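Some notes on the structure that comes next.
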Amino acid sequence: MNFNISTIIFILVSVLIFFAVPKAAKKPVMLGLSLVFCFFLDPAALLMLVFVTLITYITGLFLERSSDEGTKKYVFTAILSLFILNLLFWKGHPLINISGQNLLLPVGISFYSFQAISYLSDIMKGKQKAEKNLISFAIYMTWFPKLISGPIERAGTFLPELESTSVTKLFDENRIIRALSYILWGLFMKLMIADRAGLMVNAFFEDPKSFPAIYLLAGSLLYTLQIYCDFAGYTNIMIGISELFGIRLTQNFKTPYFSENISDFWKRWHITLSSFLRDYIYIPLGGNRRGKVRKYLNILAVFIISGIWHGKGTGFVIWGLIHGISSVLEGLVRDTKLSFLIRGITGRIVTFCIVSFAWIFFRAGTFGDSMTYISCMFTSRGNEQGLLKLSTEPCFSGIQTVILLTVTAILFIADLISCRKETLVPEIIINTGEIRRDTAFLLLAVTVLIFGVYGDSTIGTFIYMNF
């Protein structure tokens, strides 16, 4: 998915259709829009989405109605195993690698598979009633703004929001203002920062030996910036779009690069994934209830699973291990004289450095490519090809560099204020007063339209579509 004119038209037409139909038709329309959206993204993926949705719906009803605990556990385990193996298969993971396999990952499968697992797990624990209405449940699984890259919604949160759409009004000033605030800030993060930084990042990671070490160091920091603005930008845009329909999605990011330690980072980064891993993997493994050694092993297991979930390359596993080991070390130094490393400004600097270093493995994908990049980051002098690219490629021009530095400074200041106020940038814009708010809307819209990066679908797509 990238923000071209057809995407914008689809969203506008969807909103108009939603408010044009009678109350009884709103849910069927929402489901139809989501299925059409998935079909145009990837027709084959629609079949997988429908399959997982129907299996989850039927299983949920069975688990609630069955009185045989043994049978329930068997069915629950079998279905969860099916979903996990299905996910690993489509990711082409070496754990179940098939010779000659070259499969295109169905859009959104990582996210709606985890939604299905959380839904069935909550029914088994008695935390969630099975949804009887198939249309409502299907919307929960397929809702198009969250289909591609989440957030990973819980049924207990999303379904009540869905019910409230029956009274959503077209001309609701507060809802429209809220939607615009999230959409415009998300577009700013995506088109002004993520895509502009991505052009440079691609050049550095494709051929690190061609560039001087200092540029490769900058490239690693640029990817740290890119992935945050890409993913958080997506989340903000989709929160805004859902708001137009009267649905409030879960926020996935809360100024993560101001975290004081790794634990704090995962409370601020991809929040719905980290809460899923905590509730459905860490706690069932025993959490922190069986001693420190078992606790630290559980932490490592959770982060390895997170790496496997993101991709099949060894780089993803190393990325997960770096976060896991850092989290274990954090626990070991918490009550010692070294605790200053995980608190205050020192903790923020250390955490940012660890996270940025780990992103190299995430971006490179394999251990070998990661080590090549890291080695060149300290030793490379570059060559004529790289120096020529630096002087001729438009993305490295002076004006583009100035724009990127300027918008990055704006992001830093905005996130710093948000962190201190313990809120989000769009919420600050909403509550800043009518004149300031409207001025911010105008400036964001004009800036994105004039200086945003458009055109290349490989840049315009969202990074987490690949996971």
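Brief remarks on what is shown
- Residue selection: Met200 fails the criterion of being open to solvent by less than 10 Å² (accessible area, probe 1.4 Å), hydrophobic (A, V, I, L, M, F, W, C) and in contact (Cβ under 8 Å) with a residue 60 or more places away in the chain.
- Subset of segment 244-254 [open to solvent by 10 Å² or more (accessible area, probe 1.4 Å) and either outside any loop (DSSP other than H, G, I, E, B) or at positive phi (or both)]: Leu244, Gly246
- A search for C-beta distances below 7 Å between a residue of segment 402-417 that is in contact (Cβ under 8 Å) with a residue 60 or more places away in the chain and any residue that is surrounded by 15 or more Cβ atoms within 10 Å (Cβ to Cβ) and polar (S, T, N, Q), counting only pairs 6+ apart in sequence or on different chains, returns Asp415/Thr255.
- From the list Lys146, Lys132, Lys169, the lone residue that is in a helix (DSSP H, G or I) and either within 21 Å of Gln400 (Cβ to Cβ) or among the basic types (Lys, Arg) (or both) is Lys146.
- Residue check, Arg278 free of Cβ contacts under 8 Å to residues at least 60 places away in the same chain, in contact with a Gly (Cβ under 8 Å, 6 or more places away or on another chain) and either open to solvent by 60 Å² or more (accessible area, probe 1.4 Å) or within 24 Å of Leu411 (Cα to Cα) (or both): no
- Qualifying residue in segment 17-30 (condition: in a helix (DSSP H, G or I), of a type outside the set (S, T, N, Q), within 13 Å of Met141 (Cα to Cα) and open to solvent by 60 Å² or more (accessible area, probe 1.4 Å)): no
- Only one entry in Pro151, Pro160 is of a type outside the set (A, V, I, L, M, F, W, C) and surrounded by 23 or more Cβ atoms within 10 Å (Cβ to Cβ), namely Pro151.
- Lys312 meets the conditions (1) among the basic types (Lys, Arg); (2) part of a helix (DSSP H, G or I); (3) within 29 Å of Leu217 (Cα to Cα); (4) touching a residue at least 24 places away in the same chain (Cβ under 8 Å) in every case but one. The failed one is (2).
- Complete set of residues in segment 236-287 that are of a type in the set (Lys, Arg) and more than 14 Å from the chain's Cα centre (by Cα): Arg248, Arg278
- Considered as a group, the residues in segment 239-294 that are among the hydroxyl-bearing types (Ser, Thr, Tyr) and out of contact with any Pro (no Cβ under 7 Å at 6 or more places or on another chain) include one that is nearest to Leu221 (Cα to Cα), and that residue is Tyr257.
- When residues of segment 210-236 are limited to those that are within 25 Å of Gln385 (Cα to Cα), of a type in the set (A, V, I, L, M, F, W, C) and touching a Lys or Arg at 6+ places or on another chain (Cβ under 9 Å), the one surrounded by the fewest Cβ atoms within 10 Å (Cβ to Cβ): Ala213
- Selection of helices (runs of 4 or more DSSP H) fully inside segment 349-438 by the criterion of at least 3 residues being open to solvent by 80 Å² or more (accessible area, probe 1.4 Å) and not basic (Lys, Arg) returns 367-379, 384-392, 398-421.
The values are calculated or read from the model by the stated rules, or taken from the named source; none is laboratory data. Only a predicted model underlies this, so the values are computations on that prediction, with no experimental measurement involved. As a convention, Cβ positions derive from the backbone with ideal geometry for all residues, glycine included, and neighbour counts pool all protein chains shown. For accessibility, only protein heavy atoms count, side chains too; no ligands or nucleic acids. Shrake-Rupley method; radii C 1.70, N 1.55, O 1.52, S 1.80 Å.
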